[in-house]
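Inspection log for the structure reproduced underneath, given as structure tokens.
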Amino acid sequence: MTQAIKEIFKTKIYGIIREDDPEKAYEIANAYKEGGIKVIEINSGIDAIKKIAQIEDIYVAQGGIITSEQAHKGIEAGAKLLVSPILQMGLTKVSSASKIPLILSATTPNEAYSAWKVRVPIIKIFPIKDLGGSTYIEDLLRPMRFLNVMPCGSVKIEHIRPLLNAGACAVGMGRGLYLGKSYDETVKLTKEAVSEAQKA
């Protein structure tokens, strides 16, 4: 298990940044770090990945990967995790060859089980709000408690404990922590999120 995956299990909060401006993404990443999140998914392009990968004690996850070419570019830029928004099995070859872990996304029990079968360490369940929140996680895990699932998509601070108590290993949070917020507000909200996760 790599340090990045260990850190997700430890903190239970996975930071997501969807911001086109690399400078703004860099600022949000620093706010996340100050608030206690060290694994950060970047969907802002290669320039942002390169910049944020230089921050000490931060593990950059390249999000939004669908093709092997995207994955190779992310690894070259410093990504320590590869993340696909879909169940893109072809990426397992890149992950295995590069020894960079892969997170795949699933919406159904069949997809989640398929991801587990190819040894994906954490399965992103997206979009959790539309799927039914913590109730869906309970239903998904009832027959498959061996799955490590991480619900993402419009997760708010008040959802953290119910999702974790339902059996999720971590939750992904993004815009709710930074959109329309100052640097200090993002730090404060991130600290609150990490604190909530540790109480679950």
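The values are calculated or read from the model by the stated rules, or taken from the named source; none is laboratory data. Just so it is clear, the structure is predicted and the values come from calculations on it, not from any experiment. Don't worry about glycine lacking a Cβ; one is built from the backbone with ideal geometry, like all the others, and counts go over all protein chains shown. Protein only, heavy atoms only, side chains kept; ligands, DNA and RNA dropped before computing areas. Shrake-Rupley method; radii C 1.70, N 1.55, O 1.52, S 1.80 Å.
Here is the list for the stretch 92-168: chymotrypsin sites (Phe, Trp or Tyr not before Pro) lying in DSSP coil, each with at most 12 other C-beta atoms within 10 angstrom of its C-beta, are PHE146. When a 1.4 Å probe is rolled over the protein heavy atoms, the share of accessible surface on the stretch 20-81 that falls to carbon and sulfur comes to 42 percent. For the chain, the Cβ-based charge dipole about the Cα centre amounts to some 680 debye (Lys, Arg positive; Asp, Glu negative; other atoms uncharged). Selection among SER68, LEU102, MET173 by position relative to the dipole of the chain gives LEU102 as farthest towards the positive end (Cβ unit charges, Cα centre). For the stretch 123-183 versus the stretch 1-22, the spacing of their alpha-carbon centroids is 14 Å. Report note on the peptides 120-131, 64-75: ranked by the mean count of other C-beta atoms within 10 Å, highest first, their order is 120-131, 64-75.
Simple rule: put +1 on each Lys or Arg Cβ and -1 on each Asp or Glu Cβ in the chain, find the dipole, and look at PRO143, LEU82, TYR59; the Cα lying farthest toward the positive end is PRO143.
Backbone amide hydrogens, once placed in the peptide plane, bring ILE16 within less than 5 Å of GLU41, MET173, GLY174, excluding anything fewer than 5 places away on its chain. Measuring between alpha carbons in the structure, the pairs from LYS80/LYS191; LYS6/LYS50; LYS24/LYS117 lying more than 31 angstrom apart are LYS24/LYS117. Which residues does the label zone of LYS199 cover in the stretch 148-168, counting backbone N under 12 Å from a point 7 Å along Cα→Cβ? The answer is 157-162.
Label 7 Å along Cα→Cβ of VAL118; the stretch 46-87 residues with amide nitrogen under 17 Å? Correct set: 62-72, 81-87. Taking every DSSP helix (H) stretch of at least 4 residues in the chain, weighting each as -39,500 (n - 2.57) and dividing the sum by the residue count yields a mean residue ellipticity at 222 nm of -14000 deg cm²/dmol. Each 5 Å bin from 0 upward holds the following percent of the Cα-Cα pairs of the stretch 1-135: 2, 11, 21, 23, 22, 14, 7, 1. Would you compute the Debye intensity of the stretch 8-62 from its alpha-carbon atoms alone, equal scatterers and no solvent, and pass along log10 I(q)/I(0) at q = 0.24, 0.30 Å⁻¹ to two decimals? Values, matching the q order: -0.83, -1.28. Placing dummy labels 7 Å off each Cα toward the beta-carbon, the span from LYS10 to GLU34 is 2.2 nm. Scattering from the stretch 77-131 was approximated by placing one identical point on each alpha carbon and applying the Debye formula without solvent; log10 I(q)/I(0) at 0.13, 0.20 1/Å stands at -0.30, -0.65.
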